[in-house]
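**Student:** Here's a structure for you.
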Amino acid sequence: MRILVAEDDPSLAEGLVRSLRKSGYAVDHVANGEAADTALEANGFDLLILDLGLPKRSGLEVLKRLRSRKSATPVLILTARDSVNDRVTGLDAGADDYLAKPFELAELVARVRALTRRGMAGGAARISHGALAFDQVGRVASLNGEPIDLSARELGLLEIFLQCAGRLISKDQLVNHLCEWGEEVSGNAIEVYVHRLRKKLEPGGVRIATVRGLGYSLTKPVSP
Ligand code: CA
């Protein structure tokens, strides 16, 4: 899951980025509306956290432009506490949720979880795939009821695989969803992550198939 944070307040932005990364998300940050626009046009993000009061181009304008490009990326807007108008205008313009400043970072992370899981399996709190179960709220995976110990990267990978179960995912798509700007992650590194995840899932009969030259696919679970 890759998130774009568009926030011009440096300390708030830093706190946001830090807590989201701790929760296992890949996070990129921009500090003005123009940069947000460019980033959204160039990359596929799974969620946008958007401050409405941004320099260069307002958050509302960024949101309108995003929706005019027919993007369905979930958007959480950050508004000033007393501006009911902003909230209404933002939601009308296609935002999915809002938080009024100041807010607790824990609440923000909870909202982010709710929004990102809407895109997955119709928003079910728990996804099952054969012996594998993934709890989207707690972000924990288990195999035959036993929790699996996964690194943040492996967790990110697993989420993408479950989102696209049965479909082919290219290495480029994996890099795009897993990695932040400036992070050098090669195709070889992706192979290593997939290899590790595969090892952890194999005991439950959950298989990630390699489609040579094209990418990977989480294959349909085999009935026991
Ligand atoms: Ca601001």
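**Student:** Which of the following residues is in contact (Cβ under 8 Å) with a residue 12 or more places away in the chain and over 19 Å from the mean Cα position of the chain (by Cα): 66, 99, 60? Lay out the reasoning, then the answer.
**Tutor:** Numbers: 66 fails: over 19 Å from the mean Cα position of the chain (by Cα); 99 fails: over 19 Å from the mean Cα position of the chain (by Cα).
After ruling out the rest, the residue left standing is 60.
**Student:** Can I ask one more? Restricting the search to region 36-69, which residues are in a loop (DSSP other than H, G, I, E, B) and of a type outside the set (A, V, I, L, M)? Let's see the steps before the verdict.
**Tutor:** Step one: list which residues in region 36-69 are in a loop (DSSP other than H, G, I, E, B), which gives 43-46, 52-58, 69.
Answer for region 36-69, where residues must be in a loop (DSSP other than H, G, I, E, B) and of a type outside the set (A, V, I, L, M): 43, 44, 45, 46, 53, 55, 56, 57, 58, 69.
**Student:** Does region 211-224 hold any residues that are under 17 Å from residue 142 (Cβ atoms) and in a loop (DSSP other than H, G, I, E, B), and which are they? Spell out how you get there, then give the answer.
**Tutor:** Kept after step one, since they are under 17 Å from residue 142 (Cβ atoms), are these residues of region 211-224: 218, 221, 224.
Of everything in region 211-224, those that are under 17 Å from residue 142 (Cβ atoms) and in a loop (DSSP other than H, G, I, E, B) turn out to be 221, 224.
**Student:** So for region 75-92 (the condition being buried (at least 18 other Cβ atoms within 10 Å of the Cβ), of a type in the set (Asp, Glu), assigned by TED's automatic domain parsing to the domain that holds residue 30 and free of Cβ contacts under 8 Å to residues at least 60 places away in the same chain), does at least one residue qualify?
**Tutor:** Checked region 75-92: at least one residue is buried (at least 18 other Cβ atoms within 10 Å of the Cβ), of a type in the set (Asp, Glu), assigned by TED's automatic domain parsing to the domain that holds residue 30 and free of Cβ contacts under 8 Å to residues at least 60 places away in the same chain.
**Student:** Against the definition (touching a Ser or Thr at 6+ places or on another chain (Cβ under 7 Å), under 26 Å from residue 158 (Cα atoms), modelled with pLDDT of 95 or more and not in a helix (DSSP H, G or I)), how does residue 4 come out, yes or no? Before the answer, list the steps.
**Tutor:** Numbers: touching a Ser or Thr at 6+ places or on another chain (Cβ under 7 Å): no; under 26 Å from residue 158 (Cα atoms): yes; modelled with pLDDT of 95 or more: yes; not in a helix (DSSP H, G or I): yes.
Here the answer is no, as residue 4 does not meet what is asked.
**Student:** Would you mind stating whether residue 72 is within 16 Å of the ligand (Cβ to nearest atom), outside any helix (DSSP H, G or I) and either more than 18 Å from residue 9 (Cα to Cα) or in contact with a Ser or Thr (Cβ under 9 Å, 6 or more places away or on another chain) (or both)?
**Tutor:** Numbers: within 16 Å of the ligand (Cβ to nearest atom): no; outside any helix (DSSP H, G or I): yes; either more than 18 Å from residue 9 (Cα to Cα) or in contact with a Ser or Thr (Cβ under 9 Å, 6 or more places away or on another chain) (or both): yes.
No: the conditions fail for residue 72.
**Student:** Of these, 24, 59, 44, which one is within 15 Å of the ligand (Cβ to nearest atom) and either open to solvent by 30 Å² or more (accessible area, probe 1.4 Å) or not hydroxyl-bearing (Ser, Thr, Tyr) (or both)? Spell out the reasoning first.
**Tutor:** Details: 24 fails: within 15 Å of the ligand (Cβ to nearest atom); 44 fails: within 15 Å of the ligand (Cβ to nearest atom).
Unique residue meeting the criteria: 59.
**Student:** Moving on to the next point. What are the residue pairs meeting all of these: first residue in region 150-179, first residue over 18 Å from residue 47 (Cβ atoms), second residue basic (Lys, Arg), Cβ atoms under 8 Å, and 6 or more apart or on different chains?
**Tutor:** From region 150-179, the pairs are 150/200; 151/196; 154/196; 154/200; 165/220; 166/220.
**Student:** To continue, here is another question. Limited to region 134-162, what total is found for residues that are under 19 Å from the mean Cα position of the chain (by Cα) and surrounded by fewer than 18 Cβ atoms within 10 Å (Cβ to Cβ)?
**Tutor:** 6
**Student:** Related question: Go through region 197-218 and report how many residues are loosely packed, with under 15 Cβ neighbours inside 10 Å and under 22 Å from the mean Cα position of the chain (by Cα).
**Tutor:** Of all residues in region 197-218, those loosely packed, with under 15 Cβ neighbours inside 10 Å come to 199, 202-203, 209-214.
From what's left, under 22 Å from the mean Cα position of the chain (by Cα): none.
Adding up the residues that qualify gives 0.
**Student:** I'm checking my understanding of the structure. Among residues of region 2-18 that are open to solvent by 10 Å² or more (accessible area, probe 1.4 Å) and either over 21 Å from residue 80 (Cα atoms) or among the β-branched types (Val, Ile, Thr) (or both), which one is nearest to the ligand (Cβ to nearest atom)?
**Tutor:** That would be 17.
**Student:** Quick one: how many residues across region 168-182 are open to solvent by less than 70 Å² (accessible area, probe 1.4 Å) and under 18 Å from residue 155 (Cβ atoms)?
**Tutor:** Qualifying residue count for the region: 8.
**Student:** Additional query: How do the pairs read when you match residues in region 11-28 that are farther than 16 Å from residue 104 by Cβ with residues anywhere that are of a type in the set (Gly, Ala, Ser) and surrounded by fewer than 17 Cβ atoms within 10 Å (Cβ to Cβ), using Cβ under 6 Å and keeping only pairs 6 or more apart or on different chains?
**Tutor:** Listed by first residue and then by second, the contacts come to 24/152.
The values are calculated or read from the model by the stated rules, or taken from the named source; none is laboratory data. Quick caveat, the model's predicted, so the values are computed rather than measured. Every residue, glycine among them, receives a Cβ derived from its backbone with ideal geometry; neighbour counts consider all protein chains shown. Heavy atoms of the whole protein, side chains included, go into the accessibility calculation; ligands, DNA and RNA do not. Shrake-Rupley method; radii C 1.70, N 1.55, O 1.52, S 1.80 Å.
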